[in-house]
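A short reminder: the numbers here are calculations on the coordinates, not readings from a lab. Model, not experiment: these values are computed from the prediction. No Cβ is skipped: glycine too gets one built from the backbone with ideal geometry, and neighbour counts run over all protein chains shown.
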Amino acid sequence: MQGFAGFMWLLSMALIVFSGFALIDAAIRREDAYRAADKKTKPFWLIILGLAFVVNLIFDIMSFLPIIGLIATIVYMVDVRPALRGLSGGGRSHRGSSSDGPYGPYNGGR
């Protein structure tokens, strides 16, 4: 039984770290990026992710509230964060020409 309790503690810590990371990530994104990506507003996501973080701190992993917080955190990480990163460049360097189109470089009709 002690092994199961240790596993549940690790899982609880992982949820706290995951929701904390999502909350910090949402806080450092620009407000206008949320509107441009059509993904609710920054205060909305800060409240949802803040509640998820607090719920993960307070409640046991076996209750249903941390599961709801996990779902909200996953939605942010899988749907909202990539859209926001796509608008701001996401830190990936794209070393293409300014004449590059969506299917490769524009070669002037040759």
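Over 17 Å apart: what share of the alpha carbon pairs of the range 4-48 falls there, rounded to a whole percent?
I get 44 percent for the Cα pairs in the range 4-48 exceeding 17 Å.
Highest first, please rank the peptides 21-30, 57-66 by the mean number of other Cβ atoms sitting within 10 Å of their residues.
The most tightly packed comes first, giving 21-30, 57-66.
Quick check on packing: order 74-80, 9-15 by the mean number of other C-beta atoms within 10 Å, highest mean leading.
74-80, 9-15
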